[in-house]
Amino acid sequence: MRIIKSDSGLTEMSFHSFNILQRIFTKSLKTVLMTFCFILFSTWSYCQTLHLNDLGYFETPGVNIFVYSNQYTGMFNDEKNAGIEIIHHGVRTSTGGAVRLQNTPEQWDLVPTVVDRKIDKATNTISLGLRYNDYDFDSKISVTPKDNGVLITVILDKPLPEKLEGRAGFNLEFIPSSYFRKTYLIDGKPGVFPLYPASTTKVEPVSMKVKQYNGQTTFDDRGKNEYIVPMPLASGKTLLMAPEDPEQFVKIQALDADLMLYDGRDLAQNGWFIVRSILPSKKTGNVLQWYLEPNAIPDWKRTPVIQFSQVGYHPGQEKVAVIELDKNDTPLQKATLYQVTPEGKYVEKLTANVSQWGKYTRYNYLKFDFTSIKDPGIYFIKYGDQSTNTFLIGKDVYSKIWQATLGIWFPIQMDHMTVNEAYRTWHGAPFLDDALQAPLNIQHFDGYRMGAVTDTKYKPLERIPGLNVGGWFDAGDYDILTSHHITTLLNLVDAWEKFKVDLDETFVDQPTRYVDIHRPDGKPDILQQIEHGALNLVAQIENIGHPVMGIIVPNLHQYHHLGDAITETDNLTYNPNLKPYESDGKSSGTLDDRWAFTTRSANLDYSTAGALAAASRALKDYNKTLSDRCLAAATKMWDENFNKPQNTNQQGGPGFGGSSDMSPAFQLYLATKDEKYKTRFLELLWPSLERSLSGRGGGILLALQAVQYMDNDFKTKLKDYVIKYKGTIDAYAKDNPYGVPITSRGWGGNAGVINFAITNFYANKYFPEIIGPEYVYKGMNYIFGCHPYSNLSFVSGIGTHSKEVTYGSNRADFTFIAGGVVPGLLLFQPDFLENKEDWPFFWGENEYVIDISSQYIFLSNAVNELVKK
Ligand SMILES: [Ca+2]
Ligand SMILES: [Ca+2]
Ligand SMILES: [Ca+2]
């Protein structure tokens, strides 16, 4: 390994001894070495050097450098969560360190595959092999500590492919929100990090462009065959980022090339600041070296995070705050609960010992129990010199927690409607040009697929009539995802049937496609939402013959749409007789209509039948015509599949925790009271519960939902399974300090937590002697702020402090939509949980979706029933 003489004056000799010292450091007692270190260098700063820890990343207090601990393996390409990454004083500020092919790579630009990753403790080095298959291009990167930072070396065994000359470079990306309102120096020349992208760009012919995902393009060039190339904000040899801020100060030196600073937001609102050096052409060996030094504040410790429910607590429930501590922090003995008096004074209500829970991920956890305090009022917690914001204890803290989700968030998700709220129009009536038959053999960028047949009477790209009605935008994008409509309908119908949710704060007029928020119209909002979801699913079955996977825009340059949904297509039906961008006022020659992905599967047929059977019950006295259409469509799907495997693709396999016809059989039984469905349901349920004990089946929630409709023997038989279920959920309290199932890869796990709490609500309702109410509140507390990383409520607008920066349709404005529920925490391997509140664009952390939000409506109403007991 080549030794570079550094600015700090370390000689080659001392650099060697320094490496040896680090090797010893990882193996010996820390205290002994700290002393040794102190004597050897007479300044503490060398003790802040990075070492390769047992978890496989470089670490010193305040700075962690991950080298491909996380890889680009998610569904959605570059999710800004892989490569060389920096956790800087507790904040993940940098990602994407890799050989990249663009100045400012977008989500769908090519990412390298990791073909090799070695962690070598002996040399304190992590080395990587990266490959771009599309260009038959291999590179290697090694990262090793040097001085107070790391040395990053790019190595080529073969010169760059000619096509990538001047294009392949080493990039490292920095999250803009950590550098807003801060400055930089490049070779001594000062600059301000732009709050809004305004750097220069140029246009090049598309023949020069490095390809994007699947040959698609994110850019709508309006037929000009060109693309945009961002130009650097600044360039030089040494870049000092935020030297005024010790927490985010980073020094980067290119030892044998120029550094360029780019603003990725020129091309994509979710772009980052990018530091880049171009790799030299026709060279091999160590072709590029960077010295990277994130400043480390000596002996830095993360400020403790005091986690509690931002919604507050019912007087009768347990009240336990969790305190998240840096692993180097010394726990304090006590914490205090204060009450705020009507005079605005703070009164100490309880000072109590905190208990030590232990270690989870990278932190230590304490618990502060203030269950004994039951007086209604305004409170806050103090731990050390830190006080939390205020929260409530009161009998009605839960009474309105779901109203924004049903009365604001859901209306804004309504497809094919204009949605208005007071002076603000959220969006016009979009996608009136729905939909075209998707062509064959397509792998769509949002996960949809078409095989070799359409499974319909329509030819590829032929218009399917009748689909421009009902449905919701599934998430922060604008597709109709049928599987999520199914779970959403089931959740909303369950909430209607169990709790008669009769909120009326939304005006819905289907004939004129108009929705008005905060405007009662004499009709329960929940029925209007059930009607809206059912309208699209029924239309699918009536016009196509069966449900479809989903309906979505065909072009990548449409898909990343930020703005009014009505402009994602031209809202005019496609007319092949016109030229692209040409219109006769009624149709257009632009091929932008959404596609229906029509591959038929038994699983989807059955589950849609279940959802429509449920909807038919809820709508019976509200919209009899639609209720009848729902039931007709449901029984048709059942009849066409039951004992007739030849009709559909049966390869979907069992879904929804059991055989694919188990839940639909139950829903159809409730809708028709026909015993044949009940027989089938019971035939499938017990074996599924049996399998669930080995983790393969499911159905405990469904079984609990069924209790009230079955005989006493059913309940008696179920009891054993509930006892075994209790064993499973009690294990969560050993896994983490919150006692809930935390899953955090790919997509945050709030859906699992809410599902856990709903299951426990039913279990408590029928088996209170086995499952107590606290198993429900635990899930609620977690969603409302008693969770790792921060103490924000995951439901926007609910609780004193909640998610205000999220991945809704308005994410480009760094804001939220009230009542939306985000997925929550993502785990960055090996030990860093994250839910960013200053950067909306991480979908796995911050994207509202209809199924989680509808689950939340059910759970909130369930908790209101629970507190009345
Ligand atoms: Ca989607
Ligand atoms: Ca209404
Ligand atoms: Ca169109």
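The values are calculated or read from the model by the stated rules, or taken from the named source; none is laboratory data. Owing to the predicted nature of the structure, the values given are computational and were not obtained by experimental measurement. Here Cβ is always computed from backbone atoms with ideal geometry, including for glycine, and neighbour counts include all displayed protein chains. Just the protein is used for accessible areas: all its heavy atoms, side chains included, with ligands, DNA and RNA removed. Shrake-Rupley method; radii C 1.70, N 1.55, O 1.52, S 1.80 Å.
Looking at the stretch 816-830, which of its residues are outside any loop (DSSP other than H, G, I, E, B) and open to solvent by 10 Å² or more (accessible area, probe 1.4 Å)?
Just the residues of the stretch 816-830 that are outside any loop (DSSP other than H, G, I, E, B), to begin with: 821, 826-828.
Those that are outside any loop (DSSP other than H, G, I, E, B) and open to solvent by 10 Å² or more (accessible area, probe 1.4 Å): 826, 827.
Scan the stretch 566-581 and report the pairs whose first residue is farther than 17 Å from residue 428 by Cβ and among the small types (Gly, Ala, Ser) and whose second residue is within 16 Å of ligand 1 (Cβ to nearest atom) and open to solvent by 90 Å² or more (accessible area, probe 1.4 Å), with Cβ atoms within less than 8 Å and a gap of 6+ or a chain change.
Close Cβ pairs (under 8 Å, with a partner that is within 16 Å of ligand 1 (Cβ to nearest atom) and open to solvent by 90 Å² or more (accessible area, probe 1.4 Å)) do not exist here.
Among the residues of the stretch 566-603 satisfying the criterion of being of a type outside the set (Ser, Thr, Tyr) and within 16 Å of ligand 1 (Cβ to nearest atom), which is nearest to residue 224 (Cα to Cα)?
The selected residue is 568.
Only residues in the stretch 753-778 that are touching a residue at least 12 places away in the same chain (Cβ under 8 Å) and of a type in the set (A, V, I, L, M, F, W, C) count as the first member; pair them with residues that are open to solvent by 10 Å² or more (accessible area, probe 1.4 Å) and assigned to a loop (DSSP other than H, G, I, E, B), Cβ under 9 angstrom, at least 6 apart or cross-chain, and list the lot.
Short answer, once both residue conditions are applied: 753/738; 753/741; 753/742; 753/743; 756/741; 761/773; 763/770.
Conditions tested, residue by residue: (1) open to solvent by less than 10 Å² (accessible area, probe 1.4 Å); (2) closer than 30 Å to residue 733 by Cβ.
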position: 343; (1), (2): no, no
position: 379; (1), (2): yes, yes
position: 389; (1), (2): no, yes
position: 396; (1), (2): no, yes
position: 399; (1), (2): no, yes
position: 403; (1), (2): no, no
position: 418; (1), (2): no, no
position: 439; (1), (2): no, no
position: 448; (1), (2): yes, no
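This table checks each residue for (1) away from ligand 1 (no atom under 16 Å from the Cβ); (2) among the small types (Gly, Ala, Ser); (3) touching a strand residue (DSSP E or B) at 6+ places or on another chain (Cβ under 7 Å).
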residue	(1), (2), (3)
500	yes, no, no
527	yes, no, no
532	yes, no, yes
553	no, no, no
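Going residue by residue through the stretch 534-549, is there one that turns out to be within 14 Å of ligand 3 (Cβ to nearest atom) and in contact with a strand residue (DSSP E or B) (Cβ under 7 Å, 6 or more places away or on another chain)? Even if it seems obvious, please write down each step before you answer.
If we filter the stretch 534-549 for residues that are within 14 Å of ligand 3 (Cβ to nearest atom), which is where we start, we get none.
Looking for residues that are within 14 Å of ligand 3 (Cβ to nearest atom) and in contact with a strand residue (DSSP E or B) (Cβ under 7 Å, 6 or more places away or on another chain), one finds none in the stretch 534-549, hence no.
Scan the strands (runs of 3 or more DSSP E) fully inside the stretch 486-560 and keep the ones with 1 or more residues being within 30 Å of residue 442 (Cβ to Cβ) and not basic (Lys, Arg).
On the way: elements: 506-509, 514-517, 550-552.
By residue number, 550-552.
Output the residues belonging to the stretch 506-518 that are near ligand 2 (Cβ under 8 Å from one of its atoms) and more than 29 Å from the chain's Cα centre (by Cα).
To start, the set of residues in the stretch 506-518 that are near ligand 2 (Cβ under 8 Å from one of its atoms) comprises 506-508.
Matches in the stretch 506-518: 507, 508.
If you take just the helices (runs of 4 or more DSSP H) that sit entirely in the stretch 658-763, which of them hold at least 1 residues that are open to solvent by less than 40 Å² (accessible area, probe 1.4 Å)? Give the steps one after another, and end with the answer.
Details: elements: 662-672, 675-692, 700-706, 712-730, 732-735.
Per the criteria, 662-672, 675-692, 700-706, 712-730.
Grab the strands (runs of 3 or more DSSP E) fully contained in the stretch 302-419, keeping just those with 3 or more residues being without any contact (Cβ under 8 Å) to a residue 40 or more places away in the chain.
Details: elements: 305-307, 320-326, 334-340, 346-353, 355-360, 363-369, 377-383, 391-393.
Filter on the stretch 302-419 gives 346-353, 355-360.
Out of all the residues in the stretch 764-778, which are among the aromatic types (Phe, Trp, Tyr) and open to solvent by 10 Å² or more (accessible area, probe 1.4 Å)?
Initially, the stretch 764-778 is screened for residues among the aromatic types (Phe, Trp, Tyr), giving 766-767, 775, 777.
If the condition is that a residue be among the aromatic types (Phe, Trp, Tyr) and open to solvent by 10 Å² or more (accessible area, probe 1.4 Å), then 766, 775, 777 are the ones that fit.
Looking at the stretch 483-496, can you tell me whether even one residue there is under 20 Å from residue 612 (Cα atoms), among the β-branched types (Val, Ile, Thr), open to solvent by 10 Å² or more (accessible area, probe 1.4 Å) and more than 16 Å from ligand 3 (Cβ to nearest atom)?
Yes, the stretch 483-496 contains at least one residue that is under 20 Å from residue 612 (Cα atoms), among the β-branched types (Val, Ile, Thr), open to solvent by 10 Å² or more (accessible area, probe 1.4 Å) and more than 16 Å from ligand 3 (Cβ to nearest atom).
Got at least one residue in the stretch 575-586 being buried (at least 18 other Cβ atoms within 10 Å of the Cβ) and under 36 Å from the mean Cα position of the chain (by Cα)? Break it down into steps so the answer makes sense when it comes.
Taking the stretch 575-586 first, the residues buried (at least 18 other Cβ atoms within 10 Å of the Cβ) are none.
So far as the stretch 575-586 goes, no, none of its residues is buried (at least 18 other Cβ atoms within 10 Å of the Cβ) and under 36 Å from the mean Cα position of the chain (by Cα).
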